[in-house]
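Asker: Got a structure for you, written out below as structure tokens; questions coming shortly.
The values are calculated or read from the model by the stated rules, or taken from the named source; none is laboratory data. Nothing here was measured: the structure is a model prediction, and the numbers come from that model. When we count neighbours, we look across all protein chains shown, and the Cβ atoms used for this are built from the backbone with ideal geometry, even at glycine. Heavy atoms of the whole protein, side chains included, go into the accessibility calculation; ligands, DNA and RNA do not. Shrake-Rupley method; radii C 1.70, N 1.55, O 1.52, S 1.80 Å.
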Amino acid sequence: MPANLASALSFIVGSLAQLYLFVLILRLLLPWFRADFHNPIAQAILKVTSPLVIPLRRILPPVGRIDTSTLVVAFIITYVTILVLLLIQGGTAPIGAIALSSVIYIVLLTLRLFVFAIIVRVLLSWLAPSGYNPAMAIIYSITDPVMRPFRRIIPPLGGFDLSPIFAIILIGALTRIVSGFLPLPVM
């Protein structure tokens, strides 16, 4: 397969897998952050992920607030995506390296999701500071626990909340640390 075609196909496969994994990670995080499941966005997340998660839930019950079936589905999708990307690129890897890469990619996607949510929150606070919509409610429920410790340490200066900047810096540092353990930089 020509290199440019393999690159384009890898991009498509990786992007589609990451989009679905973002939705799975949201499904995993929403109960932790006590999001409102009557929210239409939360309902859409449940609807999109339920065909894969619900059948597995019959075998794997949740452990505390950890939705093990959603976590296993995310792991399987990441594992299969890495396998497909390796096949497209003409590479191979040991099973353990693919499994470890899958776990690390899920952590990295979770960190990336927090960064995206914080950026969207900042933009929405500038564009519609007193508005409400279901997406804002989900974003606030996800980002509040991440930004709360920074708000305790760094008070608003001149009406500007600087906690998102420091939260993104810390998440960026964590991303670099976790990326260092990645055996297969495929996705």
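Asker: Is it fair to say residue 91 is part of a helix (DSSP H, G or I), surrounded by fewer than 16 Cβ atoms within 10 Å (Cβ to Cβ) and either over 13 Å from the mean Cα position of the chain (by Cα) or on the phi > 0 side of the Ramachandran plot (or both)?
Answerer: no
Asker: How many residues are free of Cβ contacts under 8 Å to residues at least 12 places away in the same chain and either in contact with a strand residue (DSSP E or B) (Cβ under 8 Å, 6 or more places away or on another chain) or not aliphatic (A, V, I, L, M) (or both) when one looks only at the range 162-184?
Answerer: So the count comes out to 2.
Quick grid of which residues meet (1) in a loop (DSSP other than H, G, I, E, B); (2) in contact with a Cys (Cβ under 9 Å, 6 or more places away or on another chain); (3) touching a residue at least 60 places away in the same chain (Cβ under 8 Å):
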{"position": "26", "(1), (2), (3)": "no, no, yes"}
{"position": "36", "(1), (2), (3)": "yes, no, yes"}
{"position": "41", "(1), (2), (3)": "no, no, yes"}
{"position": "49", "(1), (2), (3)": "no, no, no"}
{"position": "53", "(1), (2), (3)": "no, no, no"}
{"position": "56", "(1), (2), (3)": "no, no, no"}
{"position": "59", "(1), (2), (3)": "yes, no, no"}
{"position": "70", "(1), (2), (3)": "no, no, no"}
{"position": "74", "(1), (2), (3)": "no, no, no"}
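Asker: Give me the residue from the range 94-122 that is aliphatic (A, V, I, L, M) and open to solvent by 80 Å² or more (accessible area, probe 1.4 Å) and, out of that set, nearest to residue 167 (Cα to Cα).
Answerer: Only one residue fits best here, namely 100.
Asker: Right, here's the next one. Determine the pairs where a residue that is modelled with pLDDT of 80 or more, located within the range 118-142, has a partner that is hydroxyl-bearing (Ser, Thr, Tyr) with Cβ atoms under 8 Å apart, the partner being 6 or more residues away or on another chain.
Answerer: 118/143; 121/140; 121/143
Asker: Looking at this structure, is residue 65 at pLDDT 90 or above and not hydrophobic (A, V, I, L, M, F, W, C)?
Answerer: No: the conditions fail for residue 65.
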